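Worksheet: one structure, shown below.
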Amino acid sequence: MNIIPAIDILDRKVVRLREGDYAQATFYDTTLAEMLGQLDSPGTDFVHIIDLNGAKGDFSNQEYLVDIIKHTKNIKVQYGGGVRTIDKVKELIDLGFHRIIVGTQAITQPDFLEKLSKEICGKTKCSDQVVVAIDVLDEVIKYSGWMESSPIKLIDYVDRCLDLGFYRFLCTNIAKDGKLDGVDTSLYKKLKNHAPVIKIIASGGISSMKDIEQLEKVKVESAVTGKAIYEGKISIQQIKDWNLKSLVNF
């Protein structure tokens, strides 16, 4: 299992939200370029970037993001934020983003994932280029900035994604997001027990390396953490050491 540092961008500033609420944004005294400069080395060459402006349909950050990323040596970016068309997925892949996260559109448009599977990837590449976001509160899937609830049952949705060739999921426990109060592994256990083949990227509540150890026991593929880094709970060096050790033990 590897750790993926997270960077959320709002108006070109590094922030973290609490439970996805823009009104509860914490702004940090660092820049995207400075963060990527610290991360652009073996052990932290994969970064999770969420464009919070993009999540609201404003892609004014996109040129800024691409320009900075082009100046890094080894960074691979997992990108999310308002990706609601297949053309946007294609555009982002062409711009060099390594993985694209899709969420709201995959839930609200029944044929979106089917078209995406046919036009973008097919059953092999989907797991590498496309990540399906599953944001969950009390086992209810939430979307549109976590404001809306889906009637689709969690397991049914996972099964549909698997049938279409998507088996990497970014799973966020909304109740834990941005609180630094520890992880709840029950969601990940349930999904892995149902479909051991799925690759889970865990998100929400990570506050220490002990939380990382708990997630490793559940056999998630990766864990995304942001606030724990900015608040000094987990150091970048600890992440590098963990990831390099995991690579050696793979």
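Screening LYS73, LYS118 for residues that are open to solvent by 60 Å² or more (accessible area, probe 1.4 Å) and closer than 21 Å to VAL158 by Cα leaves exactly one candidate, LYS118.
Annotation note: of VAL102, VAL132, the sole residue that is farther than 20 Å from LYS56 by Cβ and at pLDDT 85 or above is VAL132.
Among the residues of region 1-44, those that are within 21 Å of GLY204 (Cα to Cα), open to solvent by 30 Å² or more (accessible area, probe 1.4 Å) and not in a strand (DSSP E or B) comprise MET1, GLU19, TYR28. In this entry, ASP211 is excluded by the filter for residues that are among the acidic types (Asp, Glu), in a loop (DSSP other than H, G, I, E, B) and open to solvent by less than 80 Å² (accessible area, probe 1.4 Å). Exactly one residue out of LYS240, LYS142, LYS227, LYS233 is within 20 Å of HIS48 (Cβ to Cβ), without any contact (Cβ under 8 Å) to a residue 40 or more places away in the chain and basic (Lys, Arg): that is LYS142. The set of residues from region 45-56 being under 23 Å from LYS88 (Cβ atoms) and open to solvent by 50 Å² or more (accessible area, probe 1.4 Å) comprises just one member, LYS56.
Considering region 89-123, and only residues there that are assigned to a helix (DSSP H, G or I) and free of Cβ contacts under 8 Å to residues at least 12 places away in the same chain, the residue that is farthest from the chain's Cα centre (by Cα) turns out to be LYS118. Within the set of pairs 6+ apart or on separate chains, which have a first residue in region 2-28 that is in contact (Cβ under 8 Å) with a residue 12 or more places away in the chain and among the acidic types (Asp, Glu), a second that is assigned to a strand (DSSP E or B) and open to solvent by 20 Å² or more (accessible area, probe 1.4 Å), and C-beta atoms under 7 Å apart? Here the result reads ASP8/ARG16; ASP8/ILE50, each pair linking region 2-28 to a residue that is assigned to a strand (DSSP E or B) and open to solvent by 20 Å² or more (accessible area, probe 1.4 Å).
For region 193-206, a residue qualifies if it is open to solvent by 40 Å² or more (accessible area, probe 1.4 Å), within 11 Å of GLU221 (Cα to Cα) and outside any loop (DSSP other than H, G, I, E, B), and exactly one does: LYS199.
The values are calculated or read from the model by the stated rules, or taken from the named source; none is laboratory data. Keep in mind that what you see is a predicted model, and the values were worked out from it rather than measured. So basically every Cβ, Gly included, is an ideal-geometry build from the backbone, and we count neighbours across all protein chains shown. To get the accessible areas, we keep the full protein, side chains included, count just its heavy atoms, and leave off ligands, DNA and RNA. Shrake-Rupley method; radii C 1.70, N 1.55, O 1.52, S 1.80 Å.
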